[in-house]
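Report on the structure given below.
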Amino acid sequence: QVQLVESGGGLVQPGGSLRLSCAASGSIFSIYSMGWYRQAPGKQREVVAHVSNSGYKDYADSVKGRFTISRDNVKNTVYLQMNSLKPEDTAIYYCNGFTQLLPWGQGTQVTVSS
């Protein structure tokens, strides 16, 4: 079964950038559409971006033009480049399948604060 490990979070000032990574175990990673999700305190988990196994990408309106999702099927890794970060981007970020959920990883904390 695929296991997901997120990394790359941290504390960043407004306007800053971070690059998140999600390493997946298992060679079947390439067949999944993958997504990045986030959950802020007191809020439900939401989809931030997703990328299909053919490379189609889509984003939540709140992050369009600021975030970029990408994947490397050789490395079994999906990335989220986050630019122009805002305090409202503060959340725990998770990756997971988009059309089929896998067991959730531990996530990585992103805090945007001055």
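Some notes on this structure:
- A Förster distance of 41 Å, applied to the separation of the beta-carbon atoms of SER114 and VAL47, puts the FRET efficiency at 0.90.
- Difference of contour (0.36 nm per residue) and Cα-Cα distance, ASP58 to THR99: 13.4 nm
- Once all protein chains are placed together, TYR94 keeps about 20 Å² accessible to a 1.4 angstrom probe.
- FRET E, pair GLN13, GLN81, Förster distance 22 Å, beta-carbon r, rounded to 0.05: 0.85
- The mean accessible area for residues of the chain, using a 1.4 Å probe and ignoring ligands and nucleic acids, is 52 Å² per residue.
- Shown for the chain: the carbon plus sulfur share of the solvent-accessible area, taken with all protein chains present and a 1.4 angstrom probe, equals 49%.
- Cα-centre dipole for the chain with unit charges at Cβ (Lys and Arg positive, Asp and Glu negative), debye to 20: 80
- Ordered from highest to lowest accessible area with the whole protein assembly present and a 1.4 Å probe, LYS86, LYS75 read as LYS75, LYS86.
The values are calculated or read from the model by the stated rules, or taken from the named source; none is laboratory data. Just so it is clear, the model here is predicted, and its values are computed rather than measured. Reconstructed Cβ throughout: ideal geometry from the backbone, glycine too, with neighbour counts over all protein chains shown. Side chains included, ligands, DNA and RNA excluded: accessible areas come from the protein's heavy atoms. Shrake-Rupley method; radii C 1.70, N 1.55, O 1.52, S 1.80 Å.
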